[in-house]
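Asker: Got a structure for you, written out below as structure tokens; questions coming shortly.
The values are calculated or read from the model by the stated rules, or taken from the named source; none is laboratory data. Predicted model, so just to flag it, every value in this text is computed and none were measured. As a convention, Cβ positions derive from the backbone with ideal geometry for all residues, glycine included, and neighbour counts pool all protein chains shown. Side chains included, ligands, DNA and RNA excluded: accessible areas come from the protein's heavy atoms. Shrake-Rupley method; radii C 1.70, N 1.55, O 1.52, S 1.80 Å.
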Amino acid sequence: MSTVDQKLTINDRLSPQVLKDGEPAWLTELRQQAWETFLRLPLPSTKEEDWRRFDLRGFRWEDYHLATPPPYTVVSSVQQLPDPIQSQLRPADADQWAGLMVFHGPRRVFSYLSEAARAKGVLMDELTTDQPTDIVWQSHLHALIRPDTSKFVAAHAALMNAGVVVVIPPKLVLEKPLHLFFWLDEPGAALFDHILVIARRDSQVTVVLHYASPENLPSGLHSSGLELYAEPGAAVNILCLEEWSKSLYDFQFLRGRLDQDAYLKWSLANFGARMKRLDVHSQLAGRGASTDMLSLTIADQNQHIEHHTLQEHVKENCKSDLLFKVVLLDRSSSVYRGMIRVHPKAQGTDAYQANRNLLLSSNARADSMPLLEIQANEVRCTHGATISRLDELQLFYLMSRGLPKRLAEKIVVDGFLQPVLDRFPVPIVSDKIRRLWENKISGR
Amino acid sequence: MAQTDALEIRGLRVAVDGKEILKGVDLVVPKGEIHALMGPNGSGKSTLAQTLMGHPRYEVLEGQVLWKGENILELSPDERAKKGLFLAFQYPVEIPGVALGNFLHIAYQARTGQEVPVGRFHRQLVQKLKLLDMDPSFANRNLNEGFSGGEKKRCEILQMAVLEPEMVVMDETDSGLDIDAVRIVANAVNRIFAESQGKMGVLIITHYQRILRYIQPLHRVNVMMDGRVVLSDGPELAERLEEMGYDFLEKRLHEQAGFVKEPSGSD
């Protein structure tokens, strides 16, 4: 195998190592098509409206290679995992989750599914050729995320090197969350994970995604996709905590499709990446469906974080409520671009969208672009965006009461972010998220 | 010789945006006394208040501010607060998302360096709220956010009651208050002062005499004009000023020998 094969050099064939042993023909076919799309599409340029502030001049595919598996295979207990991974998983034990799957680079190194969940028919598995996983994959993969959306999605589809499928059977209420943890510690590694979640009719589930790397990982590329199907009456929580090193490029595509009376809550916390594009869609495709879309981002140094959202009201009487909050320190910057799209049939739509930005530095920059596209007439749509600075006067006021500058900033940030965090579904993860932002604010 | 138990301002000259506002202020407020600083609009009263607390926009050109004998002009606002200074703001600042009760708990611990359990702190806070005729639910509201003008001013005095300062500067706390609220605020100040048993000094900055009528005891009244303290006398000066008006005083001062007003724009 030549080194060229291991790099993401633009050539007309797939790197052979991404083709896992025994991968089904349909998947190979899909990869091949996606690869052709990848080659055809140009790198997004700042001339495109959607990528206007995403400056990719410093990005080169040649700098990355597909993540290599770690020098060990599957372990049978969390205690056998490398220390950095174990400390990331603390304080929760495996049995606090209904299921836990740990990826070290592209390899699944630990997997646990509680007896109870297994007995009730919960499926949580890697991308395999086993039945019935293969059928589920084949019928859903890339149905919500089209590879031709952008070069990064195409790369993801062609080079997918980690995958998880979760299926919750009808009417099952899974009390404990499922947890998927991804650890990337190899410089220059590219991870293209794909997660498929299917919540059958009237089921309930919470899935926690956690992406982490060593703080000082010098470079990396992450382009991931999550496709979620909430069948009629299903209620799903997706919580995603991302704490990459501040050197990675991160492209995250999250898509949820909701059937009649289904519910989906996104709870997203973004800390890492040098440049990040978070793309979140809730498609309300059945009557009476509703979605909450929550996100909090804390960026510092020269991080650039983009949030692109879509609240797509396809059918009548659906509700969507979006709240994205962003805190910017130092020279960091952010973009929020959010669309509420109401289809002609979607009468009785109730859509709300708010993007709030708090800037703690005069060198930070936030852009906010709320967009509306309404084709029905009986709708209620409200949106609002604010960009506020913690001004000199507020700081002076707080400091005059005895608070040092850092503490004054911290309590303002706490006050700003806590109302979002209060709506996140898993307390043990919320504690962690809060610690992370406290460190980021006071650790400067 | 610096007074060890006083706030002592010596020859203080301060500029804002390059314009000199304070042109040599001399003033002494000892602990255990309540002083008033009166003067017409634009005389520099608020500039003095903000400078004492360390507002970053106010540039000290010359002079000293000694607190217990130490020059505090190089200290940051939080360091001054820790040394016992407190400013009741003329325009209290709204801090969205920060609950008053939590904030005061954090501020109390930061100011005193002592840890206090939340429960005990909250019980004390409720007592202080009563003192100012404020509903206990105030503790849960965001700091100054959506407060009426009167509520903001009362909240300033509440913070003063909680943080137990040793030297208080009240910057036009009475402005914008109706007469009932003025009385509540003045009574609260009297109580806090009495309870401090001589450990606290107060400087009440005001345009009007009316709050001073309720302040007990009032030790001294100082008058500021055009960036200087020009007159200092017993409490009866406040009433005299009310009768005469600042214009009259200004004229009288001009007639006196040795007082020469600089023509404006003379720099």
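Asker: State yes or no: is B:Leu7 more than 10 Å from chain A (Cβ to nearest Cβ), in contact (Cβ under 8 Å) with a residue 60 or more places away in the chain, over 27 Å from B:Gly245 (Cβ atoms) and surrounded by 20 or more Cβ atoms within 10 Å (Cβ to Cβ)?
Answerer: Yes.
Asker: Here's a follow-up. Can you pull out every residue in region B:81-129 that is under 23 Å from B:His55 (Cα atoms), without any contact (Cβ under 8 Å) to a residue 12 or more places away in the chain and either touching a Phe, Trp or Tyr at 6+ places or on another chain (Cβ under 9 Å) or more than 9 Å from chain A (Cβ to nearest Cβ) (or both)?
Answerer: B:Gln109
Asker: Considering only residues that are surrounded by fewer than 24 Cβ atoms within 10 Å (Cβ to Cβ) and under 12 Å from the mean Cα position of the chain (by Cα), which ones fall in region A:196-208?
Answerer: Answer for region A:196-208, where residues must be surrounded by fewer than 24 Cβ atoms within 10 Å (Cβ to Cβ) and under 12 Å from the mean Cα position of the chain (by Cα): just A:Val208.
Asker: Given A:Phe54, A:Phe59, which one is surrounded by 14 or more Cβ atoms within 10 Å (Cβ to Cβ) and out of contact with any Leu (no Cβ under 9 Å at 6 or more places or on another chain)? Give the derivation first.
Answerer: On the way: A:Phe59 fails: out of contact with any Leu (no Cβ under 9 Å at 6 or more places or on another chain).
Answer to the selection: A:Phe54.
Asker: Here's another thing I want to ask about it. Out of region A:278-299, which residues are more than 18 Å from A:Leu371 (Cα to Cα), of a type outside the set (S, T, N, Q) and open to solvent by less than 10 Å² (accessible area, probe 1.4 Å)?
Answerer: A:Gly286, A:Ala289, A:Leu296, A:Ile298, A:Ala299, listed by residue number.
Asker: Taking only pairs six or more apart or across chains, which ones have beta-carbon atoms under 6 Å, a first residue in region B:185-198 that is closer than 16 Å to B:Leu212 by Cα, and a second residue that is open to solvent by 20 Å² or more (accessible area, probe 1.4 Å) and outside any helix (DSSP H, G or I)?
Answerer: Here the result reads B:Asn190/B:Gln216, each pair linking region B:185-198 to a residue that is open to solvent by 20 Å² or more (accessible area, probe 1.4 Å) and outside any helix (DSSP H, G or I).
Asker: When you scan region B:117-132, how many residues do you find that are open to solvent by less than 40 Å² (accessible area, probe 1.4 Å) and of a type in the set (A, V, I, L, M)?
Answerer: Counting residues in region B:117-132 that are open to solvent by less than 40 Å² (accessible area, probe 1.4 Å) and of a type in the set (A, V, I, L, M) gives 4.
Asker: Okay, next question. List pairs: first in region A:414-435 and away from chain B (no Cβ under 14 Å) and of a type in the set (A, V, I, L, M, F, W, C), second part of a helix (DSSP H, G or I) and open to solvent by less than 30 Å² (accessible area, probe 1.4 Å), Cβ under 7 Å, 6+ apart or cross-chain?
Answerer: If the second residue must be part of a helix (DSSP H, G or I) and open to solvent by less than 30 Å² (accessible area, probe 1.4 Å), the pairs left are A:Phe424/A:Ser430; A:Ile433/A:Leu421.
Asker: For region A:64-157, list the helices (runs of 4 or more DSSP H) that sit wholly inside it and hold at least 3 residues that are open to solvent by less than 20 Å² (accessible area, probe 1.4 Å); which are they? It would help to see each step written out before you state the result.
Answerer: Numbers: elements: A:83-89, A:115-119, A:133-140.
Counting at least 3 such residues, we get A:133-140.
Asker: Filter region B:178-209 for residues that are open to solvent by 10 Å² or more (accessible area, probe 1.4 Å), closer than 21 Å to B:Val29 by Cα and not in a loop (DSSP other than H, G, I, E, B) and give the result.
Answerer: Those that are open to solvent by 10 Å² or more (accessible area, probe 1.4 Å), closer than 21 Å to B:Val29 by Cα and not in a loop (DSSP other than H, G, I, E, B): B:Asn187, B:Asn190, B:Arg191, B:Ile192, B:Phe193, B:Ala194, B:Glu195, B:Ser196.
Asker: Of the residues in region A:258-272, how many are open to solvent by less than 10 Å² (accessible area, probe 1.4 Å) and over 18 Å from A:Asp300 (Cα atoms)?
Answerer: 5
Asker: Based on this model, can you work out whether B:Arg13 counts as at negative phi and surrounded by 19 or more Cβ atoms within 10 Å (Cβ to Cβ)?
Answerer: Working: at negative phi: yes; surrounded by 19 or more Cβ atoms within 10 Å (Cβ to Cβ): no.
No; evaluated as a whole, the condition is false for this residue.
Asker: Could you list, in sequence order, the residues of region B:136-145 that are within 14 Å of chain A (Cβ to nearest Cβ) and either of a type in the set (Ser, Thr, Tyr) or assigned to a helix (DSSP H, G or I) (or both)?
Answerer: Scanning region B:136-145 gives a single hit, B:Asn140.
Asker: If you scan region B:24-68, which residues turn out to be of a type in the set (Val, Ile, Thr) and more than 14 Å from the chain's Cα centre (by Cα)?
Answerer: Within region B:24-68, the subset of a type in the set (Val, Ile, Thr) is B:25, B:28-29, B:34, B:47, B:51, B:60, B:65.
Selection gives B:Val25, B:Val60, B:Val65.
Asker: Give all pairs with beta carbons closer than 6 Å in which a residue from region A:296-316 that is among the basic types (Lys, Arg) meets a residue that is assigned to a loop (DSSP other than H, G, I, E, B) and open to solvent by 20 Å² or more (accessible area, probe 1.4 Å); count only pairs at least 6 apart in sequence or on separate chains.
Answerer: A:Lys315/A:Arg287
Asker: Scan region A:331-350 for residues that are under 30 Å from A:Gln394 (Cβ atoms), open to solvent by 10 Å² or more (accessible area, probe 1.4 Å) and without any contact (Cβ under 8 Å) to a residue 60 or more places away in the chain and jot them down.
Answerer: Within region A:331-350, just A:Arg331 meets the criteria.
Yes/no per residue for (1) more than 14 Å from chain A (Cβ to nearest Cβ); (2) open to solvent by 10 Å² or more (accessible area, probe 1.4 Å); (3) more than 17 Å from the chain's Cα centre (by Cα):
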site: B:Ser148; (1), (2), (3): yes, yes, yes
site: B:Glu156; (1), (2), (3): no, no, no
site: B:Met160; (1), (2), (3): no, no, no
site: B:Leu163; (1), (2), (3): no, no, no
site: B:Glu166; (1), (2), (3): no, yes, no
site: B:Gly176; (1), (2), (3): yes, yes, no
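Asker: Quick check on region A:212-221. Is at least one of its residues assigned to a strand (DSSP E or B) and either without any contact (Cβ under 8 Å) to a residue 60 or more places away in the chain or within 29 Å of A:Thr37 (Cα to Cα) (or both)?
Answerer: Yes; the residues of region A:212-221 include at least one that is assigned to a strand (DSSP E or B) and either without any contact (Cβ under 8 Å) to a residue 60 or more places away in the chain or within 29 Å of A:Thr37 (Cα to Cα) (or both).
Asker: Just wondering, is there one or more residues in region A:405-412 that are within 14 Å of another protein chain (Cβ to nearest Cβ), among the small types (Gly, Ala, Ser) and in contact with a helix residue (DSSP H, G or I) (Cβ under 7 Å, 6 or more places away or on another chain)?
Answerer: Yes, region A:405-412 contains a residue that is within 14 Å of another protein chain (Cβ to nearest Cβ), among the small types (Gly, Ala, Ser) and in contact with a helix residue (DSSP H, G or I) (Cβ under 7 Å, 6 or more places away or on another chain).
Asker: Show me the strands (runs of 3 or more DSSP E) entirely contained within region B:24-135 in which 1 or more residues are over 30 Å from B:Phe248 (Cβ atoms).
Answerer: In region B:24-135, the matching strands (runs of 3 or more DSSP E) lie at B:58-67, B:85-88.
Asker: For region B:56-74, indicate whether the set of residues that are out of contact with any strand residue (DSSP E or B) (no Cβ under 9 Å at 6 or more places or on another chain) and either within 12 Å of another protein chain (Cβ to nearest Cβ) or more than 28 Å from B:Val16 (Cβ to Cβ) (or both) is non-empty.
Answerer: Within region B:56-74, one or more residues are out of contact with any strand residue (DSSP E or B) (no Cβ under 9 Å at 6 or more places or on another chain) and either within 12 Å of another protein chain (Cβ to nearest Cβ) or more than 28 Å from B:Val16 (Cβ to Cβ) (or both).
Asker: Right, another one. Quick one: how many residues across region A:180-193 are open to solvent by less than 10 Å² (accessible area, probe 1.4 Å) and touching a Phe, Trp or Tyr at 6+ places or on another chain (Cβ under 8 Å)?
Answerer: Residues meeting the conditions: 9.
Asker: When region B:69-78 is examined, which residues are found to be in contact with a helix residue (DSSP H, G or I) (Cβ under 9 Å, 6 or more places away or on another chain) and in contact (Cβ under 8 Å) with a residue 24 or more places away in the chain?
Answerer: If the condition is that a residue be in contact with a helix residue (DSSP H, G or I) (Cβ under 9 Å, 6 or more places away or on another chain) and in contact (Cβ under 8 Å) with a residue 24 or more places away in the chain, then B:Pro77, B:Asp78 are the ones that fit.
Asker: So is B:Leu104 of a type outside the set (S, T, N, Q), open to solvent by 30 Å² or more (accessible area, probe 1.4 Å), modelled with pLDDT of 95 or more and farther than 16 Å from B:Val29 by Cα or not?
Answerer: Judged against the criteria, B:Leu104 is not a match.
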